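Presented below is the structure to which this report refers.
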Amino acid sequence: MSEPAEIRDVPPSLVEARDVRVSLQGTEILHGVSLTAQPGEVVALMGGNGSGKSTFVRSIVGAVPHQSGTIRLFARPATASSRAHLGYVPQRISAAGGVSATSLEVVTSGLLGSRDGADRVGARLRGLVPPRDAHARARAALRSVGIEDLAKRDVSRLSGGQQQRVLIARALVRKPRLLILDEPMAGVDLESQVAFSHTVGHLKHDRVGVVIVLHELGAMAHHIDRAVVLERGCVTYDGPPPKDLGVHALPGHDHEHPHTDPPTRDGGLGLEGP
Amino acid sequence: MNLLAEPLIQRMLLVGLLVGLAAPVMGTYLVQRKMALLGDGIGHVALAGVAAGWLAGSLFDLAQQDALAIPGAVLFAIIGAVVIERMRSRGAAADVVMAILFYGGIAGGVLLIGLAGGSNANLLGYLFGSISTVTWGDVWMSVGLAAVILLVGLGLRTALFAVTHDQEFARSTGLPVEALNMVVAVLAAVTITVAMRVVGVLLVSALMIVPVAIAQLITRSFARTMHLAMGIGAALTLTGIWITVFYDVQPGALIVTLGVLVYVAVASITSLTRRGT
Ligand SMILES: Nc1ncnc2c1ncn2[C@@H]1O[C@H](COP(=O)(O)OP(=O)(O)OP(=O)(O)O)[C@@H](O)[C@H]1O
Ligand SMILES: [Mg+2]
């Protein structure tokens, strides 16, 4: 497949979604949305409830199929094998079973899946069992989010914020080159938000790309390089993050917000979308 | 004292041990995906398979009319499991699908055995189990099937856990989610046909679920729950079968009753100690 000339001179994106359309149960939810993230770039995906943020993110990670458009991961068409370097933190657990499991077991499950060269059968089979050093790596991931002491606890009995940290550890244990997080700050106290923003700082330093769904930039504000705003399944803004800390201040957001002045709107930012 | 030297008792204990170890492994996955009753649905389909095998046996004029009964059960159970899994992954209500299989299996079984010229009494052995008629052939088949169940069920534990714990995340990692779901369904079907011999279709699901339910009262880890359930399952089947050597009681019913009693005892003890602390 030949690529348009204008894409070729930018450094290869970690993720490049173009004109993605997604329908769920016969209703089109995303009407041709685009998003890119470069190495070391932190992109905030914002928008009101039901605007399609989770659906967009789920289509990028391969959890829901897209009807048209292209999704490329690490400069290749997204396939099972391109997910080897992808870390994903869902908004909420989609299944959660009837048997209890420890934090350590949940984080260890993050070590499965595609490995490098996963297009070969041997590599795919190896992805079905945890690597030898799984235990140590899972513990290290738990330590990195500050909850190593909860390793042997039943996850279903942890607090919401603690569970959120377990899910972040499960993504980090993969040592991802691209980390996609769906509202990781929901229900997390300010101290942990600050701690996590330090983690994001380190990831950024290591040239990891981060796509993070947020309602408020909050503690994350100074790491955000770009904001993409969704509204009813369309991208209405893609540009520098607002100085103000909320999505409400962004152009294209029609919600009244009397307490804050909108930032100076840069005319050149333009509204993207169909 | 020399009872253990009796070949029949050896065969019974060996099959009991294998089933007691293997059934809770698949039971753990069924409880994990909140499909504890799947065993009942598939068990009844397997019953129709028994009858179909019987019918085939009489059509081909086989010397032993029930020679094809177990192969028929395995075949039908696997087909039933695949159908359930397919419909579930397409979003059908799993309980309704299971109910349909349940009714279809038992009605079809009774009809087919009638056509084969047998009586419903022929089905009773499969409904309630018939471990006292177990042959060395049955034993070796159980050994083979149990080995597959244990190898896959234990070896792929983390992957099968990942898929049932958080399907969306599992997809994002590139795990073959559909294939792994199918593995669980097919292995559950195989487990049911192996365990059918010991406890019968009516109680086969209990042997998969009850040990897991007991283990869950005690432990908080997925791996420990599975291992403890295997131990409990083996202890229950061996104890039950050993008792039936001395007393004329129905082994399947005894094993499951023992399990339920243990569950009640452990549940009361854990709730007491928890209140005490
Ligand atoms: N499985 C589904 N089937 C049908 N419609 C769905 C499904 N999941 C989401 N939707 C619809 O898609 C739209 C976008 O949902 P989505 O979860 O992507 O929103 P969101 O931006 O993440 O919202 P929130 O801020 O509340 O998390 C909503 O209108 C929702 O009702
Ligand atoms: Mg969402």
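The values are calculated or read from the model by the stated rules, or taken from the named source; none is laboratory data. These numbers come from a predicted model, not from an experiment. So basically every Cβ, Gly included, is an ideal-geometry build from the backbone, and we count neighbours across all protein chains shown.
List the number of the failed condition for A:I60; all other conditions in (1) within 27 Å of A:G146 (Cα to Cα); (2) within 14 Å of another protein chain (Cβ to nearest Cβ); (3) surrounded by 23 or more Cβ atoms within 10 Å (Cβ to Cβ) hold.
Every condition holds for A:I60 apart from (1).
Only one of B:M141, B:M98 is of a type in the set (A, V, I, L, M) and either touching an Asp or Glu at 6+ places or on another chain (Cβ under 8 Å) or exposed (fewer than 15 other Cβ atoms within 10 Å of the Cβ) (or both). Can you tell me which?
B:M98
What are the residues in the stretch B:161-183 that are β-branched (V, I, T), within 22 Å of the chain's Cα centre (by Cα) and buried (at least 24 other Cβ atoms within 10 Å of the Cβ), if any?
Of everything in the stretch B:161-183, those that are β-branched (V, I, T), within 22 Å of the chain's Cα centre (by Cα) and buried (at least 24 other Cβ atoms within 10 Å of the Cβ) turn out to be B:V163, B:T164.
Please verify whether B:V245 is assigned to a helix (DSSP H, G or I) and surrounded by 17 or more Cβ atoms within 10 Å (Cβ to Cβ), treating the condition exactly as stated.
Considered against the rule, which asks whether it is assigned to a helix (DSSP H, G or I) and surrounded by 17 or more Cβ atoms within 10 Å (Cβ to Cβ), B:V245 comes out as no.
Consider A:V43 carefully, then state whether it is closer than 19 Å to A:M185 by Cα and touching a residue at least 12 places away in the same chain (Cβ under 8 Å).
So A:V43 passes the test.
Report the residue count in the stretch A:27-50 for those that are surrounded by fewer than 22 Cβ atoms within 10 Å (Cβ to Cβ) and within 12 Å of ligand 1 (Cβ to nearest atom).
Matching residues across the stretch A:27-50 total 7.
Please specify each residue of the stretch A:72-93 satisfying the condition of being within 16 Å of ligand 1 (Cβ to nearest atom) and in contact (Cβ under 8 Å) with a residue 12 or more places away in the chain.
Scanning the stretch A:72-93 gives A:Y88, A:V89, A:P90, A:Q91, A:I93.
Looking for something over 22 Å from A:R83 (Cβ atoms), assigned to a helix (DSSP H, G or I) and more than 16 Å from ligand 1 (Cβ to nearest atom) - is there at least one such residue anywhere in the stretch A:167-183?
Checked against the condition, which is being over 22 Å from A:R83 (Cβ atoms), assigned to a helix (DSSP H, G or I) and more than 16 Å from ligand 1 (Cβ to nearest atom), the stretch A:167-183 yields no hits at all.
For B:L202, which of the numbered conditions (1) over 20 Å from B:V266 (Cα atoms); (2) crowded, with 24+ Cβ neighbours inside 10 Å fails to hold?
So B:L202 meets the others, but not (2).
Please give the strands (runs of 3 or more DSSP E) falling wholly within the stretch A:21-137 in which 2 or more residues are within 16 Å of ligand 2 (Cβ to nearest atom).
Those strands (runs of 3 or more DSSP E) span A:27-37, A:42-46, A:86-89.
Does the stretch A:76-93 contain at least one residue that is more than 12 Å from chain B (Cβ to nearest Cβ), under 30 Å from A:S34 (Cβ atoms) and either surrounded by fewer than 24 Cβ atoms within 10 Å (Cβ to Cβ) or in contact with a Ser or Thr (Cβ under 7 Å, 6 or more places away or on another chain) (or both)?
Scanning the stretch A:76-93, I find at least one residue that is more than 12 Å from chain B (Cβ to nearest Cβ), under 30 Å from A:S34 (Cβ atoms) and either surrounded by fewer than 24 Cβ atoms within 10 Å (Cβ to Cβ) or in contact with a Ser or Thr (Cβ under 7 Å, 6 or more places away or on another chain) (or both), so the answer is yes.
Mind checking whether some residue in the stretch B:241-249 is modelled with pLDDT of 90 or more and within 14 Å of chain A (Cβ to nearest Cβ)?
No - not one qualifying residue is present in the stretch B:241-249.
Output the residues belonging to the stretch A:192-226 that are out of contact with any helix residue (DSSP H, G or I) (no Cβ under 6 Å at 6 or more places or on another chain) and either within 16 Å of ligand 2 (Cβ to nearest atom) or within 14 Å of another protein chain (Cβ to nearest Cβ) (or both).
A:V211, A:I212, A:L214, A:H215, A:E216, listed by residue number.
What is the residue count in the stretch A:51-60 for residues that are more than 7 Å from ligand 1 (Cβ to nearest atom) and small (G, A, S)?
So the answer is 1.
What helices (runs of 4 or more DSSP H) lie completely within the stretch B:94-213 and have 1 or more residues being free of Cβ contacts under 8 Å to residues at least 24 places away in the same chain, away from chain A (no Cβ under 11 Å) and more than 14 Å from B:A22 (Cβ to Cβ)?
Once the helices (runs of 4 or more DSSP H) in the stretch B:94-213 are filtered for at least 1 residues that are free of Cβ contacts under 8 Å to residues at least 24 places away in the same chain, away from chain A (no Cβ under 11 Å) and more than 14 Å from B:A22 (Cβ to Cβ), what remains is B:94-115, B:120-128, B:136-155.
Would you please name the residue that is modelled with the lowest pLDDT, looking only at residues in the stretch A:195-251 that are of a type in the set (D, E) and in contact with a Pro (Cβ under 8 Å, 6 or more places away or on another chain)?
A:D244
What about B:D66, is it among the charged types (D, E, K, R), surrounded by fewer than 18 Cβ atoms within 10 Å (Cβ to Cβ) and either modelled with pLDDT under 85 or part of a helix (DSSP H, G or I) (or both)?
No: the conditions fail for B:D66.
Based on this model, can you work out whether A:R170 counts as closer than 22 Å to B:P176 by Cβ and in contact with an Asp or Glu (Cβ under 9 Å, 6 or more places away or on another chain)?
Yes; evaluated as a whole, the condition is true for this residue.
Checking A:H215 against (1) touching a strand residue (DSSP E or B) at 6+ places or on another chain (Cβ under 8 Å); (2) under 30 Å from A:P12 (Cβ atoms), only one condition comes out false. Which one?
(2)
So is A:G146 away from ligand 2 (no atom under 16 Å from the Cβ), away from chain B (no Cβ under 14 Å), on the phi > 0 side of the Ramachandran plot and not aromatic (F, W, Y) or not?
Spelling it out, A:G146 is indeed away from ligand 2 (no atom under 16 Å from the Cβ), away from chain B (no Cβ under 14 Å), on the phi > 0 side of the Ramachandran plot and not aromatic (F, W, Y).
Taking only the stretch B:36-47 into account, find how many residues are hydrophobic (A, V, I, L, M, F, W, C), buried (at least 23 other Cβ atoms within 10 Å of the Cβ) and farther than 17 Å from B:S130 by Cα.
Looking only at that region, the number is 3.
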